[in-house]
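Okay, so here's the structure we're looking at.
The values are calculated or read from the model by the stated rules, or taken from the named source; none is laboratory data. The shown structure was predicted, so the numbers you read here are calculated from the model rather than taken from an experiment. Heads up, the Cβs are rebuilt from the backbone with ideal geometry, glycines too, and the neighbour counts pull from every protein chain shown.
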Amino acid sequence: MNKPLVTLTSDFGIQTQGCGIMKAVVLEINPNANVVHLMHGLPDFDISTAARTMETVSTIQVGFHVCVVDPGVGTRRKGIAIKTKRGDYLIGPDNGVLIPATNILGGCEKVVELSNPKYMKHPVSPIFHGRDVFSPAAGHLSVGVPVEEFGEELKFEDLVRAPYEEAIVKKDQLEAKVIHINKFGSLHLNVLASAWDQFGVAKKVSLKFQNTEIEVPFVKTFGKVPKNNSLIMEDDYGRIEVAINMGSFAETYHVSAGDKCLIKKV
Amino acid sequence: MNKPLVTLTSDFGIQTQGCGIMKAVVLEINPNANVVHLMHGLPDFDISTAARTMETVSTIQVGFHVCVVDPGVGTRRKGIAIKTKRGDYLIGPDNGVLIPATNILGGCEKVVELSNPKYMKHPVSPIFHGRDVFSPAAGHLSVGVPVEEFGEELKFEDLVRAPYEEAIVKKDQLEAKVIHINKFGSLHLNVLASAWDQFGVAKKVSLKFQNTEIEVPFVKTFGKVPKNNSLIMEDDYGRIEVAINMGSFAETYHVSAGDKCLIKKV
Amino acid sequence: MNKPLVTLTSDFGIQTQGCGIMKAVVLEINPNANVVHLMHGLPDFDISTAARTMETVSTIQVGFHVCVVDPGVGTRRKGIAIKTKRGDYLIGPDNGVLIPATNILGGCEKVVELSNPKYMKHPVSPIFHGRDVFSPAAGHLSVGVPVEEFGEELKFEDLVRAPYEEAIVKKDQLEAKVIHINKFGSLHLNVLASAWDQFGVAKKVSLKFQNTEIEVPFVKTFGKVPKNNSLIMEDDYGRIEVAINMGSFAETYHVSAGDKCLIKKV
């Protein structure tokens with residue numbers, strides 16, 4: 001028996017019934033789905049952090065991935081389903097939140113608007129499309145309904161753009177940005193591990209922020225530098241992270257999400 | 001293969017093992033159940049909020065719904081299972097927490113006391129009936145044990161009453177109460193969407209609280225009124241909600257849970 | 001169809017994607033597993049509290065239990081799988097966190113190091129063995145891969161010791177320690193219910209802490225003593241608990257985790 005993976009991600013607190021309700025909606029349509037809460041409690045309406053979270057599905061098996069970080073619900077923003085080249089379906093609002101994951105999953109194979117009422121839960125609440133549009137879409141896709149059934153095909157390039165672009169790789173420098181700062185004060189950059197490999201760092205880089213420039217070693221883990229020292233490394237999910245061993249890089253160097261970071265080999 | 005839905009709701013924090021233990025107990029009895037955590041972390045012993053949460057199962061499929069908000073555990077309060085007219089089973093303490101959901105699910109078909117030790121997990125802890133009485137009951141009911149097997153039939157009208165009554169619908173006014181205030185300061189009233197339809201509001205109502213009287217428009221979503229304006233609308237789960245777009249109604253107008261609210265057409 | 005129970009416990013916040021990712025990893029290997037989040041959000045790196053939590057699996061069915069409280073990840077600490085006499089497998093780091101549960105589950109039948117790359121998820125992150133080593137091991141064990149396949153057999157007595165020992169039962173006294181203080185300020189002691197039965201208390205004991213000595217009644221539940229009175233009882237999971245009805249024992253008597261507690265019959 002086929003037991004497809006469906007994941008749910010949202011900015012609801014995990015202790016609210018919204019998360020459980022969405023899981024029940026998927027299971028009503030496909031009782032054989034393995035439904036996993038990937039992450040809830042994302043910062044309200046924070047599309048950048050949510051997009052970063054959706055990227056992490058690239059480290060697990062192919063699945064049907066729903067994201068409900070949706071400040072535009074109730075307006076005319078579209079609901080969409082993107083089929084990726086890897087074979088996943090990404091389901092959520094057309095606000096850019098699904099674009100980085102699409103790129104990491106090989107790119108867009110096809111994207112449609114979720115407009116067919118046949119695959120919605122009725123009555124459709126104007127403020128809870130997670131329950132009434134996105135979760136039902138994941139359920140129906142996971143039992144094999146062709147994506148074309150859900151609505152009109154859209155052009156990938158017409159979708160709302162990603163909340164962040166990828167870093168620009170030049171021969172001698174990487175023009176990067178901070179896309180997320182985690183609870184420990186470590187920076188996640190818009191630099192994929194693959195871009196980093198292409199850039200080709202051996203042991204050390206200089207990082208230039210607006211008011212600071214420092215040199216940091218490129219290492220495998222925190223423990224490779226002494227306590228309170230800075231470092232750069234690959235994170236657990238395929239991006240590059242800047243941190244201080246047992247400290248907060250963001251606080252120490254006054255760096256915020258969105259800041260530019262120019263990386264040069266030393 | 002039948003994969004029945006079992007939901008779990010409690011005032012345990014979701015990060016405590018109690019929630020996971022209850023899920024494991026259900027799965028030991030019925031490995032084919034689809035067990036969903038509907039909501040945990042409810043305010044300790046808050047029967048009114050818990051009852052409101054249990055109502056939300058009316059928006060999902062028929063299932064076996066456990067509620068463990070149980071300040072009376074260890075006293076002589078009964079454990080009960082209510083079969084609803086819709087076909088659901090509601091399982092928990094006889095403290096009123098299951099009554100509003102029963103009414104919304106079509107009313108009570110049958111109710112029994114959970115007293116048969118055959119369907120409990122032993123030794124039965126005097127302080128954790130969620131694990132040892134209610135979750136096992138959900139498991140056994142979900143594999144088809146007839147509800148009569150669990151204990152003596154009770155009369156629905158003899159159960160402990162609901163923590164709130166439904167609003168009184170008159171021709172020219174609705175005598176309502178605030179049953180819950182959410183984290184945004186919006187009020188949920190004891191007014192079902194069906195009662196609201198029967199009352200028949202066109203565009204506007206006046207709301208009279210103890211010290212305040214204001215007029216608010218009846219709209220579909222927050223976004224239909226300007227920022228900081230008040231409104232009344234249907235919430236996501238079949239009740240009527242009073243709110244301020246991007247603000248806190250409860251704080252602005254000093255309204256608390258339990259307060260009366262007299263609604264008149266304007 | 002066999003649907004084995006796999007439980008996951010960690011010091012990740014439950015709202016982080018790490019928990020969901022681990023569940024997906026297990027389900028990729030064994031789509032028929034019933035995966036339950038036992039407890040997340042444990043205090044960071046707190047091996048004692050985590051060990052106590054792992055003990056609670058003794059109240060549920062036999063399963064494959066993963067624990068990721070792993071301050072040593074990235075160092076040379078081993079990953080291990082312990083087969084218990086009851087039939088469970090306990091999977092996690094060799095830092096003592098699995099030892100108390102092993103003892104409660106009848107003792108160690110066999111223990112191996114998790115070193116076979118065939119049963120890991122690649123590339124193995126140096127900082128997330130929960131995803132890349134422990135969850136895959138649970139998945140493969142749950143589909144029937146023999147534990148010998150995972151690596152070299154170790155001697156149970158060579159493993160890192162438990163974060164706490166069991167209390168010493170003498171004829172007239174119990175030499176105990178506080179292993180955990182819960183959010184209500186109640187003390188959990190290193191005294192198993194079985195040791196307590198062996199000690200044989202009738203109605204009352206004296207408890208001697210460093211600076212305090214008090215007498216408390218041995219009762220079934222909080223409600224058996226008046227408000228603000230102290231008591232000693234069995235907790236929900238097979239250990240002995242010291243508490244104040246509606247109060248905090250730890251605060252009132254200035255007791256901390258790790259403190260000694262000498263118990264005498266009165």
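Against the list (1) within 11 Å of chain A (Cβ to nearest Cβ); (2) crowded, with 24+ Cβ neighbours inside 10 Å; (3) over 25 Å from C:PHE64 (Cβ atoms); (4) at pLDDT 95 or above, the condition B:CYS67 fails is (1). Quick check, is B:THR221 of a type in the set (Val, Ile, Thr) and surrounded by fewer than 14 Cβ atoms within 10 Å (Cβ to Cβ)? For B:THR221, the condition - of a type in the set (Val, Ile, Thr) and surrounded by fewer than 14 Cβ atoms within 10 Å (Cβ to Cβ) - is not met. Is it the case that the range A:14-31 has a residue that's in the same structural domain as A:GLY130 (by TED's automatic domain parsing), modelled with pLDDT of 95 or more, among the polar types (S, T, N, Q) and assigned to a loop (DSSP other than H, G, I, E, B)? Yes, the conditions are met somewhere in the range A:14-31. Evaluate the following for A:ALA137: is it in contact with a Leu (Cβ under 9 Å, 6 or more places away or on another chain), within 30 Å of B:GLU234 (Cα to Cα) and part of a strand (DSSP E or B)? So A:ALA137 does not fit the description; no.
Apart from one condition, A:THR102 fits all of (1) under 17 Å from A:TYR237 (Cβ atoms); (2) facing another protein chain (nearest Cβ under 10 Å); (3) outside any strand (DSSP E or B); the exception is (2).
Looking only at the range A:187-238, which residues are among the aromatic types (Phe, Trp, Tyr) and farther than 21 Å from A:GLU251 by Cβ? Please lay out each step first, then the result.
Pass one, the range A:187-238, residues among the aromatic types (Phe, Trp, Tyr): A:196, A:199, A:209, A:218, A:222, A:237.
Answer for the range A:187-238, where residues must be among the aromatic types (Phe, Trp, Tyr) and farther than 21 Å from A:GLU251 by Cβ: A:TRP196, A:PHE199, A:PHE218, A:TYR237.
Of all the residues in the range A:166-204, those that are more than 20 Å from A:THR49 (Cα to Cα), surrounded by 14 or more Cβ atoms within 10 Å (Cβ to Cβ) and in contact with a helix residue (DSSP H, G or I) (Cβ under 9 Å, 6 or more places away or on another chain) number 3.
Being among the β-branched types (Val, Ile, Thr), farther than 13 Å from A:ALA137 by Cβ, surrounded by 24 or more Cβ atoms within 10 Å (Cβ to Cβ) and in contact (Cβ under 8 Å) with a residue 12 or more places away in the chain is the requirement here; does A:THR49 meet it?
Details: among the β-branched types (Val, Ile, Thr): yes; farther than 13 Å from A:ALA137 by Cβ: yes; surrounded by 24 or more Cβ atoms within 10 Å (Cβ to Cβ): no; in contact (Cβ under 8 Å) with a residue 12 or more places away in the chain: yes.
No: the conditions fail for A:THR49.
Among the residues of the range C:1-41, those that are away from chain A (no Cβ under 14 Å) and buried (at least 24 other Cβ atoms within 10 Å of the Cβ) comprise C:THR7, C:THR9, C:LEU38.
Among the conditions (1) at pLDDT 95 or above; (2) surrounded by fewer than 22 Cβ atoms within 10 Å (Cβ to Cβ), C:LEU114 misses just one, which is (2).
Being at pLDDT 95 or above, surrounded by 24 or more Cβ atoms within 10 Å (Cβ to Cβ) and at the interface with another protein chain (Cβ under 7 Å from one of its Cβ atoms) holds for only one residue in C:ILE60, C:ILE91, C:ILE82, and it is C:ILE60.
Against the criterion of being part of a loop (DSSP other than H, G, I, E, B), within 8 Å of another protein chain (Cβ to nearest Cβ) and over 21 Å from B:SER142 (Cβ atoms), B:GLY72 does not qualify.
Here is a check on your reading of the model: is A:PHE156 closer than 30 Å to A:VAL266 by Cβ and surrounded by fewer than 18 Cβ atoms within 10 Å (Cβ to Cβ)?
So A:PHE156 does not fit the description; no.
Which one is surrounded by the fewest Cβ atoms within 10 Å (Cβ to Cβ) among residues in the range A:138-153 that are of a type in the set (Gly, Ala, Ser) and free of Cβ contacts under 8 Å to residues at least 60 places away in the same chain? Checked the range A:138-153; the qualifying residue surrounded by the fewest Cβ atoms within 10 Å (Cβ to Cβ) is A:GLY144.
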